[in-house]
Amino acid sequence: MSDKDNELVSSRRAFLGGAVAAGAGALTTGAAKAQTADPLITEIQPWAQGFGDGVDAVRYGLPTEHEGDVIRRNVEWLTADTVSSINFTPIHALDGTITPQGCAFERHHSGAIDLKKDDYRLMINGLVDTPLVFSYADLERFPRENHVYFCECAANTGMEWAGAQLNGAQFTHGMIHNMEYTGVPLRTLLEEAGLDTTGDLSGKWVFVEGADASSNGRSIPMEKALDDVLVAFKANGEALRKEHGYPVRLVVPGWEGNMWVKWIRRIEVMDGPVESREETSKYTDTLEDGTSRKWTWEMDAKSVVTSPSPQAPIKHGTGPLVITGLAWSGRGAITRVDVSKDGGKNWETARLAKPGEKMALTRFYLDTDWDGSEMMLQSRAMDDTGYVQPTKTQLREVRGLNSIYHNNCIQTWLVRSNGEAENVEVS
Ligand code: MTE
Ligand code: CO
């Protein structure tokens, strides 16, 4: 490089430095082109001057340390202790739809237990011809299937009933994950135990319970049990993580997360529901008049903008902006997501990353141009049953303010001119 070139580079560098110091707002569409004088482009960097890490036997690879802020977080005041508690999926920091297990929210009623495959047993008893006990190895010998499903805790967004509470999509909407499960249909195992699935099964239920101290017992109507419920042992290709029910959990597509019993140990065929704690005093919806709805199994269509959001502010100033989020429905597939920038007055139809899949997360994008003015960002999901995600006002008209669970209302983020976002409520 000649001296003249050097001068040019350094003066350009000074200019660029100035532009950056002038604030993020200075970087617009042209930024990508102007970077040719960037030392990251013009100088050979340390990482190109030697070798990277060699390969070695690695038990499990970890994410790069540069992504150190992608953390499942708790909200300390929410629960009295950590064994009957919850942490939240950092949905603001993820893209696509598959939740890595290590990022997927955990909800335990009596802590995550350590259960070895060799110590694992699954009993099927009750109104079957032959009560059976399966080992883990037995389960692996049945034909298995792969399906992607979301699991949403009925309490997701539950803190937001009375007003805007928690400042971040992770905390308002992070009791959800979406994984590819490998498992055996529950139908196959029930048939193995001699249940006549061609006979009259009306009024029949299964009661499922886990091996942890809480047991988290739930009743599931036979129609659902025989439809798409999976006894799953892999998620996203790998063994279930301990916190998600290793070695085996139940997958109940589209239905509230509480029914997805982890460390599943027993399935009893019965001629009625048990009406256990988890389906009476908990996970039921208290209405305005103090009565409670008996069962709310299906998770209604819902969506949220994950970026920009309080934990994912706009840092690049005006110009091209990717607004993105997640949508899902426990009743079917997402067909459309609309995004509003003005608190629900005007709507633009977002682009779905791929056609919605039944009872799985759908990623949406609105590729837009931001002029720096304040936005009241909302998203509204629609599913293939024709259902449209309600506003908070519409939901309160039906459910009142006493509810905790099953809050699928439209969420609003106030995005300020400086790019920062805040959880707000529009009346
Ligand atoms: N199963 C058992 N055995 N024990 C539990 O505490 N929690 C339930 C369900 N299954 C629970 C359980 C609840 S309320 C939810 S939302 C999901 O598991 C959460 O699954 P995850 O921890 O894999 O996210
Ligand atoms: Co739950």
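The values are calculated or read from the model by the stated rules, or taken from the named source; none is laboratory data. Just so you know, these numbers come straight off a predicted model, no measurement behind them. Note that each Cβ is placed from the backbone with ideal geometry, even for glycine, and that neighbours are counted across all protein chains shown. We work out accessible area using only protein heavy atoms, side chains counted, and drop any ligands, DNA or RNA first. Shrake-Rupley method; radii C 1.70, N 1.55, O 1.52, S 1.80 Å.
Data overview
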| quantity | calculated |
| --- | --- |
| Pair residue 427, residue 41: separation of 7 Å Cα→Cβ label points (nm) | 5.2 |
| Relative contact order (%) - criterion: Cα under 8 Å, at least six apart; region: the chain | 16 |
| Solvent-accessible surface (1.4 angstrom probe) belonging to residue 71, in square angstrom, nearest 10 | 60 |
| Sulfur and carbon atoms: percent of accessible area, the stretch 83-238 [1.4 Å] | 46 |
| For residue 420, solvent-accessible area (1.4 Å; no DNA, RNA or ligand), Å² | 110 |
| Kirkwood hydrodynamic radius of the chain, from inverse mean 1/r over distinct Cα pairs, in Å | 23.9 |
| Kirkwood-based shape ratio for the stretch 319-427, expressed as Rg/Rh from alpha carbons | 0.98 |
| Nearby aspartates and glutamates by direct alpha-carbon distance to residue 354 (threshold 19 angstrom, same-chain neighbours under 8 apart not counted) | 95, 180, 338, 367, 383, 384 |
| Gyration tensor (alpha-carbon) shape descriptor, the stretch 220-309, a/c threshold 1.5 | oblate |
| For the stretch 299-372, alpha-carbon Rg relative to the globular expectation (2.2 N^0.38 Å, N residues) | 1.14 |
| Tally of Lys pairs whose C-alpha atoms are under 13 Å apart, taken over the stretch 213-324, 8 or more apart or cross-chain | 4 |
| Rh (Kirkwood; distinct C-alpha pairs) - the stretch 66-148, Å | 16.6 |
| GNM flexibility winner over the chain from 262, 345, 117 (Cα, springs under 10 Å) | 345 |
| Residue-normalised accessible area of the chain, given per residue in Å² at a 1.4 Å probe | 48 |
| Separation of alpha-carbon centers, the stretch 64-142 and the stretch 300-332, rounded to whole Å | 26 |
| Debye log10 I(q)/I(0) at q = 0.16, 0.20 Å⁻¹ for the stretch 173-279, Cα point scatterers | -0.69, -1.06 |
| Tensor-based shape of the stretch 49-96 (alpha-carbon gyration tensor, a/c under 1.5 rounded, otherwise prolate or oblate) | prolate |
